[in-house]
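Quick notes on the structure that follows.
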Amino acid sequence: MNLPGRHQGGYRRARHEGFPIGPPGRHQPRISGFRRAWRSAAVVCIALLGAELGHAGELTETETRWLRGAWPVIGHARSERLPLDVVVQPQPTPDAVPLALGFVDGRCKLVLSLRQNFAATRALVGLEPELVNPALELMAAHELAHCRRHLDGAWAMPPAGFSPATVPEGLASDLHGDFAAMKATRREEAFADLVGLAWTQKRHPHLYPRLHAWLVSLRSADRIPGSHHDTLAWLLLARDGRTLAGPSIFASAYVLWRAGLAAEP
């Protein structure tokens, strides 16, 4: 069965645990790659209890810029005692998602893949200077949401009271697993986008409308309804940042996340 705007093979499009920037299909390092990376002295690893950014002499200007922008979120993770490590990939990564989240041996790995990566350069083009760091914070908070879900043992699982999406009638049997994975990824991306916006509301409420519009524009580009990163329905629920106000960015996002799931056909 071919669904409108999508061919069956589209269900097998690369699935991300990262903040996608650019056309669909960009990939990111697999968990096995992270394991190898930890054994390589060439990888720049910035542990949360390690040195300040100013001492990381191996970083490029772009990497330093992104890390400084994301640092408030990393600091928040540290204050919450989340097991988060930061890895900057030292090799060229032209096809990778610039910012991604891995989960290895019970620890979250915030991975930056910025070298020779045009998507990283393009991500900030057009943003007014005062929005650059808050946008990087939003992206980092998005990844922190993935970390929280992994740590809770809830990754790819629907929240209580909800069932996995029903496989469309007529879909080839060998695509059932890919369809389920696509819908699970979409749920996780929706939650993560809402956490990113909840962070923005908490830390930069005066910038919320502009950053919300920026995120909507990203999610609207090359959108395939119902696919991995189609979170537009949830973003529209969050037009008013006050809907995400609250002491916990995760709890605030969770309420709207469930509301969006309940509205799904």
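The values are calculated or read from the model by the stated rules, or taken from the named source; none is laboratory data. Just so you know, these numbers come straight off a predicted model, no measurement behind them. A quick note on method: Cβ atoms are made from the backbone with ideal geometry, for glycine too, and the neighbour counts reach across all protein chains shown.
The single condition among (1) crowded, with 22+ Cβ neighbours inside 10 Å; (2) at pLDDT below 95 that F118 does not satisfy is (1).
Quick check on segment 194-230: of everything there that is closer than 20 Å to H146 by Cβ and more than 17 Å from the chain's Cα centre (by Cα), which residue is surrounded by the most Cβ atoms within 10 Å (Cβ to Cβ)? That would be Q201. Number of residues in segment 143-173 that are more than 21 Å from L256 (Cα to Cα) and at pLDDT 90 or above: the value is 0. Residues of segment 235-250 that are more than 13 Å from V195 (Cβ to Cβ), of a type in the set (A, V, I, L, M) and part of a loop (DSSP other than H, G, I, E, B): A245 alone.
Within segment 199-208, is even one residue in contact with a Phe, Trp or Tyr (Cβ under 8 Å, 6 or more places away or on another chain), at pLDDT 95 or above, over 21 Å from L84 (Cα atoms) and in a helix (DSSP H, G or I)? Give the derivation first.
We begin by selecting, within segment 199-208, every residue in contact with a Phe, Trp or Tyr (Cβ under 8 Å, 6 or more places away or on another chain); these are 200-201.
Still in the running and at pLDDT 95 or above: 200-201.
Filter again for over 21 Å from L84 (Cα atoms), leaving 201.
Still in the running and in a helix (DSSP H, G or I): 201.
Yes, there is a match, as at least one residue in segment 199-208 is in contact with a Phe, Trp or Tyr (Cβ under 8 Å, 6 or more places away or on another chain), at pLDDT 95 or above, over 21 Å from L84 (Cα atoms) and in a helix (DSSP H, G or I).
Being of a type in the set (A, V, I, L, M) and closer than 20 Å to I249 by Cα: is that true of L99 here? The answer is yes for L99. How many residues does segment 68-92 hold that are over 13 Å from L144 (Cβ atoms), surrounded by fewer than 22 Cβ atoms within 10 Å (Cβ to Cβ) and in contact (Cβ under 8 Å) with a residue 60 or more places away in the chain? Residues that pass the stated criteria total 2. On the basis of being touching a Gly at 6+ places or on another chain (Cβ under 7 Å), more than 19 Å from P72 (Cβ to Cβ) and small (G, A, S), does A96 make the cut? No, not satisfied.
Output the residue which, of all residues in segment 56-85 that are at pLDDT 95 or above and of a type in the set (V, I, T), is nearest to V132 (Cα to Cα). Residue satisfying both the conditions and the ranking: V73. Looking across segment 215-234, the residues that are outside any loop (DSSP other than H, G, I, E, B) and at pLDDT below 95 come down to S217, L218, R219, S220.
In contact (Cβ under 8 Å) with a residue 24 or more places away in the chain, within 20 Å of W155 (Cβ to Cβ) and in contact with a Pro (Cβ under 7 Å, 6 or more places away or on another chain): which single residue out of H204, H229 fits that description? So the residue among H204, H229 that is in contact (Cβ under 8 Å) with a residue 24 or more places away in the chain, within 20 Å of W155 (Cβ to Cβ) and in contact with a Pro (Cβ under 7 Å, 6 or more places away or on another chain) is H229. Screening V125 with (1) surrounded by 16 or more Cβ atoms within 10 Å (Cβ to Cβ); (2) free of Cβ contacts under 8 Å to residues at least 12 places away in the same chain gives one miss only, at (1).
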